[in-house]
Amino acid sequence: MKTIKDRVAKMSFLGLLLALVTTSFYAPSAMAHGEKSQAAFMRMRTIIWYDLDWSSDSVAVNEKVNIDGKFHVFAGWPETVELPDIAFLNIGIPGPVFIRSESYIGGRIVPRSVSLKLGSDYEFSVVLTARRPGDWHVHTMMNVKGGGPVIGPGKWVNVTGSMSQFRNPITTLTGKTVDIETFNEGTIWAWHGLWFAVGLAWMAYFCKSPVFLPRWIMAHSGRRNELITDADKKMTIAFMAGTVVLVLFSYGSANSTYPITIPLQGGVLRDIPALPDQRGNVHVKVNGATYRVPGRAMSMDLTIHNGSDTAVQLCEFQAGAIRFLDSGVCEDETLYPENVLAPDGLSSSDNSAIGPDETKTITVTAQDASWEIERMSDIIYDPDSRFGAIIWFNGEDGSRQSAILNEPLIPVFM
Amino acid sequence: MSSTQSAVRSHAEAVQVSRTIDYLGLFILFFVILGGFHVHAMLTMGDWDFWSDWKDRRLWVTVTPIMLVTFPAAVQAIVWEHFRIGFGATLCCISLVLGEWINRYFNFWGWTYFPINIVFPAILTPGAILLDGVLILTNSYLATAVFGATAFALVFYPCNWVIIAGLHMPVEYHGILMSIADISGYHYVRTGTPEYIRMIEKGTLRTFGKDVAPVSAFFSAFVCIMIYFIWHFIGRWYGTTKFLQQT
Ligand SMILES: [Cu+2]
């Protein structure tokens with residue numbers, strides 16, 4: 001008796017453990033800092049985020065943060081990533097710590113997936129409403145179907161207050177205003193609870209009499225059919241009829257409470273407007289580029305032709321999310337995340353202004369520990385060792401012009 | 001106590017042992033089924049059950065009963081054959097729903113803070129009772145497959161409508177039409193589940209216009225009949241005892 005009990009207790013413990021393991025088997029991903037684990041060529045040669053602006057880095061619950069900017073869809077898109085025919089403007093945060101109140105590409109609201117064209121630039125903006133207090137790393141992010149997420153730079157945003165103050169009211173076309181943070185939860189709990197109780201009652205009815213041993217003995221001695229009595233059958237009919245009646249009642253009551261409903265909405269937006277040309281008339285030819293591993297420096301030999309009608313000066317080089325600035329020419333005023341900003345990371349053999357129609361050949365070096373820290377230097381171990389970047393020039397007339405680079409990269413190990 | 005002696009000495013004690021075994025057996029069965037069925041459910045129809053903005057009139061209605069008639073069929077084959085126990089399907093379904101609730105409440109809400117009204121599971125008890133009932137009344141697996149599995153699929157959408165109807169109210173959201181469920185899915189960011197992964201309202205039932213839910217349910221019922229048979233035999237095979245001859 002005791003041994004049986006012990007064994008059964010052990011088995012039940014095992015069952016309980018199994019149940020716990022399997023129920024905690026899946027939790028939606030609370031992603032943060034995935035950016036560094038992404039292949040460097042993906043960050044350099046897919047979606048290039050620029051002109052980013054976070055409206056604030058500290059808000060209270062229910063307050064909004066806007067992330068605005070532009071992105072360039074790299075024309076030299078790598079072969080290993082599916083083309084962005086279907087892409088979704090997401091936001092990289094650890095779960096719903098903010099809600100995404102609005103998001104736009106080219107001025108269109110995009111709760112749907114979109115189709116992006118290679119070589120084009122788009123304007124985007126995401127409006128987040130703070131929901132849960134804490135320090136959260138907020139990344140720009142584009143999901144590409146068949147290519148996975150392309151994660152842009154992340155900035156820490158501090159949220160203060162308490163989640164219990166969070167409200168999310170929505171007014172429907174039928175004139176009801178509901179707080180979708182909690183709407184319908186009572187109905188869900190009540191009906192789930194009721195049906196769970198009905199299921200338990202159904203089982204309890206049959207468990208009143210012995211369940212396993214005597215029934216097994218009878219079933220295996222040819223007396224199976226005596227085990228279901230007429231009373232059991234009557235009860236079965238009652239339960240089945242009750243089930244049907246209850247289902248019809250719940251269906252009817254839902255229809256009378258919500259007479260007007262629509263199906264779920266989805267579909268791809270294929271005609272998102274791109275920005276007009278963002279580059280300008282400065283043309284850059286790369287004569288050669290090397291990455292010096294010990295010095296964490298990328299050097300490029302560039303021939304620059306200024307085809308615009310104002311003198312320009314090289315000010316910035318951006319690879320992936322990392323921005324290398326020439327502090328003598330420009331500095332960042334956008335609260336750009338510090339870990340991917342090298343305010344003094346760009347130097348060149350000659351950075352005097354290039355006049356209209358002038359051509360100049362210079363050596364440019366982008367040097368910073370962030371090559372290593374952000375694991376961008378892994379580019380030299382990529383199967384397709386090319387780099388992609390935007391290079392920016394400031395015009396004397398206050399304009400900004402840029403050029404896209406897409407060239408092979410040769411590592412130097414000594 | 002030697003191993004040849006009986007563990008019980010009187011009738012009263014035998015009854016008591018039998019009852020203890022009942023309770024512990026039910027307890028173990030409940031949680032073992034919960035574990036197995038839950039993994040099966042997550043791997044086969046996970047996202048449809050996880051998110052309210054996946055619970056559509058076409059795919060959710062079709063996929064869920066097909067994937068969930070499986071364990072009930074197998075468990076019925078075992079417990080009806082060997083014990084004439086008539087609640088096999090209900091046991092499976094309420095243990096699954098309990099497991100799903102534990103997962104949704106503690107992981108989705110408690111850990112990642114998705115509101116319950118986005119991550120609630122589907123109601124399954126009505127279909128399970130009808131499936132059990134047909135087996136008890138007809139004592140025929142064929143009839144249970146044909147009528148029971150059909151009822152299991154057909155009752156699925158109507159019995160769940162009461163918890164999703166409110167989430168299908170129309171909203172004009174910054175110039176486009178969205179349901180409350182769509183807005184929830186958009187607001188409460190899932191970085192790992194971008195919009196294009198969402199499989200809803202897809203298929204070739206366009207000619208049926210807006211009455212796609214009944215058509216999907218009947219299609220699901222048809223497939224459920226076949227799935228019921230397959231899993232009945234899996235259960236049967238699982239429930240056999242074979243002795244190896246010692247040579
Ligand atoms: Cu991060």
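Please report, largest first and rounded to whole Å, the three semi-axes of the ellipsoid equivalent to segment A:60-156, where each semi-axis is the square root of five times an eigenvalue of the C-alpha gyration tensor.
Working through the eigenvalues yields semi-axes of 25, 14, 11 Å.
Please give me the summed charge of the neighbours of B:CYS93: other residues whose Cβ is under 14 Å from its Cβ, Lys and Arg +1, Asp and Glu -1.
Around B:CYS93, the charge tally is -3.
Applying 1/(1 + (r/R0)^6) with R0 = 35 Å to the Cβ-Cβ distance of A:ASP309 and A:ASN62, what FRET efficiency is obtained, to the nearest 0.05?
0.10
Over the residues of segment A:91-143, compute the C-alpha Rg and express it relative to 2.2 N^0.38 Å.
Normalised Rg, Cα atoms only: 1.26.
Could you work out the pair-distance distribution P(r) of segment B:1-120 from its alpha-carbon pairs, with 5 angstrom bin width and percents rounded to whole numbers?
Per 5 Å bin, starting at 0, the Cα pair percentages come out as 2, 10, 15, 17, 15, 12, 9, 7, 5, 4, 3, 2, 0.
Which residue fluctuates the most in chain A, going by a Gaussian network model with Cα springs under 10 Å, if the choices are A:ASN306, A:ASN66, A:ASN184?
Between A:ASN306, A:ASN66, A:ASN184, it is A:ASN184 that shows the largest mean-square fluctuation.
Longest span of chain A, sites excluded, free of GluC sites (Glu not before Pro) in DSSP loop with at most 16 other C-beta atoms within 10 Å?
That gives A:83-330 as the longest site-free run.
Could you give log10 I(q)/I(0) at q = 0.11 Å⁻¹ for chain B, computed by the Debye formula over C-alpha point scatterers of equal weight, without solvent?
Debye output, listed in q order: -0.67.
Counting pairs of alpha carbon atoms under 8 Å apart in space and at least six apart in sequence, what relative contact order in percent does chain A give?
The value is 16 percent.
Which far-off residues, 5 or more places away or on another chain, put their amide H under 5 Å from the one on A:MET141, with H placed in the peptide plane?
Amide H to amide H, under 5 Å and 5 or more residues apart or across chains, A:MET141 pairs with A:ASN90, A:GLY92, A:GLY152.
Accessible area lost on pairing B with A, both sides, 1.4 Å probe, Å² to nearest 100?
9900 Å²
Counting C-alpha atoms alone, how compact is segment A:179-257: give Rg to one decimal and Dmax as a whole number, in angstrom.
18.4, 61
For the full complex of protein chains and a 1.4 angstrom probe, list B:HIS174, A:HIS137 by accessible area with the highest value first. Display every interim value, and only then the final one.
Details: B:HIS174 95, A:HIS137 10 Å².
Largest to smallest exposure gives the sequence B:HIS174, A:HIS137.
Does the protein assembly as shown classify as rounded, prolate or oblate by the C-alpha gyration tensor (a ≥ b ≥ c root eigenvalues; a/c under 1.5 gives rounded; else a/b over b/c gives prolate, otherwise oblate)?
Prolate, since a/c reaches 1.5 and a/b exceeds b/c.
Could you pull the Cα extents of segment A:146-190 along its three principal axes, largest to smallest, in whole Å?
Largest to smallest, the principal-axis extents are 41, 36, 25 Å.
Please arrange A:ASP51, A:ASP271, A:ASP277 by accessible surface area, largest first, computed with a 1.4 Å probe and ligands excluded.
Putting A:ASP51, A:ASP271, A:ASP277 in descending order of accessible area: A:ASP277, A:ASP271, A:ASP51.
On average, how much accessible surface per residue is there in segment A:168-263, in Å², for a 1.4 Å probe, leaving out ligands, DNA and RNA? Can you show the working numbers first?
Working: 5070 Å² over 96 residues.
Per-residue value: 53 Å².
So which cysteines in chain A don't have a second cysteine's C-beta under 4.7 Å from them?
Unpaired cysteines in chain A: A:CYS207.
For chain A, take the longest principal axis of its alpha carbons; what is the angle in degrees between that and the long axis of helix A:230-257, to the nearest 10 within 0 to 90?
The helix A:230-257 is inclined about 40 degrees to chain A.
Can you list which of the trypsin sites (Lys or Arg not before Pro) found in segment B:1-65 are DSSP loop residues with at most 11 other C-beta atoms within 10 Å?
Loop-located and lightly packed - B:ARG9.
In a Gaussian network model over chain B where Cα atoms closer than 10 Å are linked, find which of B:PHE106, B:PHE87, B:PHE219 has the largest mean-square fluctuation.
Between B:PHE106, B:PHE87, B:PHE219, it is B:PHE106 that shows the largest mean-square fluctuation.
Please give the charge dipole size of chain A, origin at the Cα centre, charges +1 on K and R Cβ atoms and -1 on D and E Cβ atoms. Round to the nearest 20 debye. Walk me through the intermediate numbers first.
Working: 35 positive and 43 negative charges, 690 e Å.
So the magnitude is around 3320 debye.
Can you run phi through the Karplus equation (6.51, -1.76, 1.60; θ = phi - 60°) for segment A:409-414 and list ³J(HN,Hα) in whole Hz, with x for Gly and Pro?
10, 10, x, 10, 9, 10
Name the residue, out of B:HIS168, B:HIS40, B:HIS82, whose mean-square fluctuation peaks in a Gaussian network model built on chain B with Cα pairs under 10 Å.
B:HIS82
Within segment A:54-72, which residues have the backbone N less than 14 Å from the label spot 7 Å out from A:ALA274 along Cα→beta-carbon, could you tell me?
A:71-72
Counting heavy atoms of the protein chains only and a 1.4 Å probe, report the per residue accessible area for segment A:282-412 as a whole number of Å².
42 Å²
With a 1.4 Å probe and all protein chains left in place, how much of the accessible area of segment A:208-344 comes from carbon and sulfur atoms, in whole percent?
Roughly 57 percent of what the probe reaches on segment A:208-344 is carbon or sulfur.
Helix A:185-207 versus the longest principal axis of chain A: what is the Cα-based angle in degrees, 0 to 90, to the nearest 10?
40 degrees
Quick one: net charge of B:GLU81's neighbours, Cβ under 9 Å, K/R +1, D/E -1?
Neighbour charge sum, excluding B:GLU81 itself: +3.
For every helix of n ≥ 4 consecutive DSSP H residues, a contribution of -39,500 (n - 2.57) applies; sum these over the protein assembly as shown, divide by its total residues, and give [θ] at 222 nm rounded to the nearest 500 deg cm²/dmol.
Result for the protein assembly as shown: -12000 deg cm²/dmol, rounded to the nearest 500.
Using the alpha-carbon centroid of each, what span in Å lies between segment B:1-80 and segment A:181-252?
14 Å
With everything on Cα atoms, drop me the angle between helix A:2-23 and the longest principal axis of chain A, reported from 0 to 90° to the nearest 10.
With rounding to tens, the tilt is 40 degrees.
Hey, got the average number of other protein chain Cβ atoms within 10 angstrom for residues in B:9-22?
What the average comes to for B:9-22 is 3.
Shielding of B:128-136 by partners, i.e. mean partner chain Cβ atoms within 10 Å per residue?
Other-chain Cβ atoms within 10 Å of each residue's Cβ, averaged: 6.
To the nearest 10 square angstrom, what accessible area does A:LYS117 show with a 1.4 Å probe?
110 Å²
What distance in nm lies between label points placed 7 Å from Cα along the C-beta direction at B:ALA14 and A:GLU358?
10.9 nm
Roll a 1.4 Å probe over the protein heavy atoms and report the accessible area of A:LEU409 in Å², nearest 10.
10 Å²
Can you pull the accessible area of B:VAL69 for me, 1.4 Å probe, Å² to the nearest 10?
Roll a 1.4 Å probe over it and B:VAL69 shows about 0 Å².
Excluding B:ILE164 itself, what net charge comes from residues whose Cβ is under 11 Å from its Cβ, given Lys and Arg +1 and Asp and Glu -1?
Values: positive: B:LYS55, B:ARG57; negative: B:ASP53, B:ASP56.
Its environment carries a net charge of 0.
The values are calculated or read from the model by the stated rules, or taken from the named source; none is laboratory data. All of these numbers come straight from a predicted model, not from anything done at the bench. Neighbour counts run over all protein chains shown; Cβ positions are idealised from the backbone, glycine included. Quick note on the areas: whole protein, heavy atoms, side chains included, nothing else; ligands and nucleic acids left out. Shrake-Rupley method; radii C 1.70, N 1.55, O 1.52, S 1.80 Å.
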